[in-house]
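**Student:** Shown below is the structure under consideration.
The values are calculated or read from the model by the stated rules, or taken from the named source; none is laboratory data. Because the structure is predicted, anything quoted here is derived from the model rather than measured. Heads up, the Cβs are rebuilt from the backbone with ideal geometry, glycines too, and the neighbour counts pull from every protein chain shown. In case anyone asks, the SASA skips ligands and DNA or RNA and just uses the protein heavy atoms, side chains included. Shrake-Rupley method; radii C 1.70, N 1.55, O 1.52, S 1.80 Å.
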Amino acid sequence: MTRNDTPSPLLSLTVNGEPHRIEAGATIADLVAKIGLDPAKVAVEHNAEIAPRSTLADIVLRDGDSLEIVHFVGGG
Amino acid sequence: MTDTASAPAPTTPADAADTWTVAGRTFTSRLIVGTGKYKDFEQNAAAVEASGAEIVTVAVRRVNVSDPKAPMLTDYIDPKKITYLPNTAGCFTAEDAIRTLRLAREAGGWDLVKLEVLGEARTLYPDMRETLKATEILAKEGFLPMVYCVDDPIAAKQLEEAGAVAVMPLGAPIGSGLGIQNQVTVRLIVEGAKVPVLVDAGVGTASEAAVAMELGCDGVLMNTAIAEAKNPVRMALAMRLAVEAGRHAYLSGRMAKRRYADPSSPLSGMI
């Protein structure tokens, strides 16, 4: 990428179809915590790949990443 | 029951422990209940309790990012006590269903799932081509799919060969409450299956749950019949009793049908 050497302070993400911003360097675990969710009760898909719960703190987000955060709801 | 066919001879005494096993997990209750359409979580939890169900179906959906502290189903129905069976409701392709269940496995940490791949919104009839494809892929990925399907004995065998750990034919369209429309095909599926057979969808009231069990099904799965009753908790109890009654009737081996009367009191000794 031939962009400004100074990274943008905020990353632009898509979380559950909505735009979302977070500090550069944040991990998925940081995102889940920032939103206020209990990681034990949700599952995360990162750019169409499952992000195992044990790895959430290791995956650093990048600008343009797309995430789905789901949980169990009532259903038949 | 149809015409004069009698149920197969019972193989288990009715008073013995009558459990059923799916993919190596053994359950006592033969009633699986859904967790959709309830007024609130309290009513849902009370209905599950009254139903005696050991398995509940659940859907996988996006969390509400703007309201992360909203109550969750898991706060009311404890997944450590009740087996959560994640479904793929709303999925119209094998790809969507598989994606949903991969997330479900990550969220819940278990492999037993309910696969349903729908063909159209109006009838919610299963798309069997996609269902079969998804079953094969899920089985290869180590899932244990219990599969919602058409009431077709050949399709049921194909699902079993593809790795379905249970086949779950519809009795009538999802949410219709029309009862079991084709008892012959459900019976044929039961007779041909080596895996558990559960009627999934179509039951509207208790007698219809009993019919499913009298046909020899291993269990019944329902949601709307309980959730949309005027008194869901009482209907949950009714369904529990109906499933038990139908099971006992099946194991008892019903009497043969006659075309005309046969008195129950002696004909001799009349005054």
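**Student:** Could you go through the range B:196-207 and let me know if any residue there is assigned to a helix (DSSP H, G or I) and either within 19 Å of B:HIS248 (Cα to Cα) or more than 14 Å from every other protein chain (Cβ to nearest Cβ) (or both).
**Tutor:** Kept after step one, since they are assigned to a helix (DSSP H, G or I), are these residues of the range B:196-207: B:206-207.
Those left that are additionally either within 19 Å of B:HIS248 (Cα to Cα) or more than 14 Å from every other protein chain (Cβ to nearest Cβ) (or both): B:206-207.
Yes: the range B:196-207 contains one or more residues that are assigned to a helix (DSSP H, G or I) and either within 19 Å of B:HIS248 (Cα to Cα) or more than 14 Å from every other protein chain (Cβ to nearest Cβ) (or both).
**Student:** Right, here's the next one. So which residues in the range B:30-87 are facing chain A (nearest Cβ under 7 Å), part of a helix (DSSP H, G or I) and either of a type in the set (Phe, Trp, Tyr) or open to solvent by less than 10 Å² (accessible area, probe 1.4 Å) (or both)?
**Tutor:** B:ASN44, B:LEU73 - these are the residues of the range B:30-87 that are facing chain A (nearest Cβ under 7 Å), part of a helix (DSSP H, G or I) and either of a type in the set (Phe, Trp, Tyr) or open to solvent by less than 10 Å² (accessible area, probe 1.4 Å) (or both).
**Student:** So if I check each of B:THR123, B:THR100, which one is within 10 Å of chain A (Cβ to nearest Cβ), farther than 24 Å from B:LEU31 by Cβ and open to solvent by less than 60 Å² (accessible area, probe 1.4 Å)?
**Tutor:** B:THR100
**Student:** For the list (1) more than 26 Å from B:GLU49 (Cβ to Cβ); (2) surrounded by fewer than 16 Cβ atoms within 10 Å (Cβ to Cβ); (3) not aromatic (Phe, Trp, Tyr), I need the number of the one condition that B:LYS230 fails.
**Tutor:** Condition not satisfied by B:LYS230: (1).
**Student:** Moving to a separate point now. If the Cβ limit is 8 Å and pairs must be 6+ apart or interchain, which residue in the range B:234-250 that is closer than 13 Å to B:ASN223 by Cα pairs with which residue that is assigned to a helix (DSSP H, G or I) and of a type in the set (Val, Ile, Thr)?
**Tutor:** B:MET235/B:ILE226; B:ALA236/B:VAL48; B:ALA236/B:ILE226; B:MET239/B:ILE226
**Student:** In contact (Cβ under 8 Å) with a residue 12 or more places away in the chain, surrounded by fewer than 24 Cβ atoms within 10 Å (Cβ to Cβ) and either within 17 Å of B:GLY34 (Cα to Cα) or touching an Asp or Glu at 6+ places or on another chain (Cβ under 9 Å) (or both): is that true of B:ALA155 in this structure?
**Tutor:** no
**Student:** Residues being more than 13 Å from chain B (Cβ to nearest Cβ) and of a type in the set (Lys, Arg): count how many of those fall in the range A:43-76.
**Tutor:** Number satisfying all stated conditions: 1.
**Student:** Of the residues A:LEU13, A:LEU37, A:LEU31, A:LEU67, which single one is in contact with a strand residue (DSSP E or B) (Cβ under 8 Å, 6 or more places away or on another chain) and in a loop (DSSP other than H, G, I, E, B)? I'd like the intermediate steps shown before the answer.
**Tutor:** Details: A:LEU13 fails: in a loop (DSSP other than H, G, I, E, B); A:LEU31 fails: in a loop (DSSP other than H, G, I, E, B); A:LEU67 fails: in a loop (DSSP other than H, G, I, E, B).
Unique residue meeting the criteria: A:LEU37.
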